[in-house]
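S.K.: Structure in structure tokens, see below.
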Amino acid sequence: MRMTKVAIVQRAPAFLDKQKSIALAVAAVKEAAAQKPDLVVFTEAFIPGYPTWVWRLRPGGDWNLSEELYKRLFDNAVSMESDDLLPLYEAAREHAVTILCGIEERDSQLSRSTLYNTLIIIGPDGTLLNKHRKLMPTNPERMVWGFGDASGLKVVETPAGRIGALPCWENYMPLARYALYSQGVEIYIAPTYDSGDGWLGSLQHIAREGRCWVLGCGNLM
């Protein structure tokens with residue numbers, strides 16, 4: 001039986017530039033394809049980058065800078081109703097790989113202004129298999145992202161295996177993890193802004209608890 005081969009992409013995106021970040025993702029898939037992976041994994045909010053300023057700028061004191069950064073993030077967030085991600089869909093189809101990628105998603109159906117920390121899974125035929133919005137943004141992340149509704153809390157069947165994913169500290173939510181375990185997840189993906197021994201210990205715990213393979217992928221700025 002052939003083992004699943006995985007490519008983990010840990011590269012810096014073109015920060016707050018949607019089109020260039022998508023182009024970098026497509027180039028990374030092409031490069032990884034030379035090793036014939038079944039699955040290519042990008043980190044949390046790769047397109048167009050994680051809003052790291054929420055952990056660093058002072059509320060009130062850095063208001064003007066925060067406002068400028070938020071506007072750039074808003075302008076470069078991805079609408080799933082647009083053609084923004086077509087190059088990434090085409091890359092999945094061209095190289096016959098499953099792709100998991102973190103994006104800043106802008107809702108285009110209801111509020112038209114809420115942003116979400118979203119993970120998408122693209123099948124090797126270039127179709128969208130799942131879209132999961134982070135259920136509970138962590139602490140200052142709530143100044144940027146809305147709350148997900150759990151409609152994307154799913155495990156999907158792919159040639160690489162049964163895949164499920166939770167971003168960052170959502171992995172500390174026992175019932176969210178259980179939702180994936182209960183659907184028979186085989187490859188559990190945890191893209192994150194976190195790092196360090198504590199985080200690695202969490203991933204090891206999840207692997208033991210869920211009896212599944214766990215993939216971590218950390219942000220680079």
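S.K.: What is the number of the single condition among (1) assigned to a loop (DSSP other than H, G, I, E, B); (2) at pLDDT 95 or above; (3) within 17 Å of the chain's Cα centre (by Cα) that LEU129 does not meet?
M.R.: Result: LEU129 fails condition (1) only.
S.K.: Can you tell me which residues in the stretch 27-56 are within 23 Å of LEU115 (Cα to Cα), modelled with pLDDT of 95 or more, outside any loop (DSSP other than H, G, I, E, B) and touching a helix residue (DSSP H, G or I) at 6+ places or on another chain (Cβ under 8 Å)?
M.R.: ILE47
S.K.: Is there a residue in the stretch 112-119 that is modelled with pLDDT under 95 and touching a helix residue (DSSP H, G or I) at 6+ places or on another chain (Cβ under 6 Å)?
M.R.: No, the conditions are met nowhere in the stretch 112-119.
S.K.: While we're on this one: When you scan the stretch 66-83, do you find a residue that is free of Cβ contacts under 8 Å to residues at least 24 places away in the same chain, part of a helix (DSSP H, G or I) and among the aromatic types (Phe, Trp, Tyr), even just one?
M.R.: no
S.K.: What residue, of ARG142, ARG208, is under 30 Å from LEU57 (Cβ atoms) and out of contact with any His (no Cβ under 7 Å at 6 or more places or on another chain)? Can you show your working first?
M.R.: Values: ARG208 fails: under 30 Å from LEU57 (Cβ atoms).
Answer to the selection: ARG142.
S.K.: Just the residues that are surrounded by 20 or more Cβ atoms within 10 Å (Cβ to Cβ) and either on the phi > 0 side of the Ramachandran plot or in contact with a Ser or Thr (Cβ under 7 Å, 6 or more places away or on another chain) (or both), please, taken from the stretch 22-39.
M.R.: Selection gives LEU39 alone.
S.K.: State which residue pairs qualify: first residue within 17 Å of SER151 (Cα to Cα) and inside the stretch 108-131, second residue assigned to a loop (DSSP other than H, G, I, E, B) and basic (Lys, Arg) in any location, beta carbons under 6 Å apart, and separation of 6 or more residues or different chains.
M.R.: Note: pairs meeting the criteria are ASN117/LYS134; ASN130/LYS154.
S.K.: Do you know which residues across the stretch 137-155 are surrounded by fewer than 17 Cβ atoms within 10 Å (Cβ to Cβ) and on the phi < 0 side of the Ramachandran plot?
M.R.: Step one: list which residues in the stretch 137-155 are surrounded by fewer than 17 Cβ atoms within 10 Å (Cβ to Cβ), which gives 139-140, 142-143, 147, 149-151.
Across the stretch 137-155, the qualifying residues are PRO140, ARG142, MET143, PHE147, ASP149, SER151.
S.K.: Taking the residues in the stretch 1-26 that are in a loop (DSSP other than H, G, I, E, B) and under 22 Å from GLU94 (Cβ atoms) as candidates, determine which candidate is farthest from the chain's Cα centre (by Cα). Before the answer, list the steps.
M.R.: As a first pass, look at the stretch 1-26 and keep what is in a loop (DSSP other than H, G, I, E, B): 1-5, 9-17.
Now narrow it down to the ones that are under 22 Å from GLU94 (Cβ atoms): 2, 4-5, 9, 11, 13-14.
Working: ARG2: 27, THR4: 20, LYS5: 19, VAL9: 12, ARG11: 14, PRO13: 13, ALA14: 16 Å.
If we take residues in the stretch 1-26 being in a loop (DSSP other than H, G, I, E, B) and under 22 Å from GLU94 (Cβ atoms), then ARG2 is farthest from the chain's Cα centre (by Cα).
S.K.: Looking at PRO59, is it touching a helix residue (DSSP H, G or I) at 6+ places or on another chain (Cβ under 9 Å), at pLDDT below 95 and buried (at least 22 other Cβ atoms within 10 Å of the Cβ)? I'd like the intermediate steps shown before the answer.
M.R.: Details: touching a helix residue (DSSP H, G or I) at 6+ places or on another chain (Cβ under 9 Å): yes; at pLDDT below 95: yes; buried (at least 22 other Cβ atoms within 10 Å of the Cβ): no.
It is false that PRO59 is touching a helix residue (DSSP H, G or I) at 6+ places or on another chain (Cβ under 9 Å), at pLDDT below 95 and buried (at least 22 other Cβ atoms within 10 Å of the Cβ).
S.K.: Can you tell me how many residues within the stretch 98-147 are touching a Ser or Thr at 6+ places or on another chain (Cβ under 8 Å), over 17 Å from ALA25 (Cα atoms) and acidic (Asp, Glu)?
M.R.: 1
S.K.: Kindly indicate the residue of the stretch 186-221 that is of a type in the set (A, V, I, L, M, F, W, C) and in a helix (DSSP H, G or I) and also farthest from PRO51 (Cα to Cα) among those meeting that condition.
M.R.: Pass one, the stretch 186-221, residues of a type in the set (A, V, I, L, M, F, W, C): 187, 189-190, 199-200, 203, 206-207, 212-215, 217, 220-221.
Those left that are additionally in a helix (DSSP H, G or I): 199-200, 203, 206-207.
On the way: TRP199: 20, LEU200: 22, LEU203: 23, ILE206: 26, ALA207: 28 Å.
Once the filter is applied, the top-ranked residue is ALA207.
The values are calculated or read from the model by the stated rules, or taken from the named source; none is laboratory data. Computed from a predicted model, the values in this text were never measured in an experiment. Cβ coordinates were reconstructed from backbone atoms using ideal geometry, including for glycine residues, and neighbour counts include every protein chain displayed.
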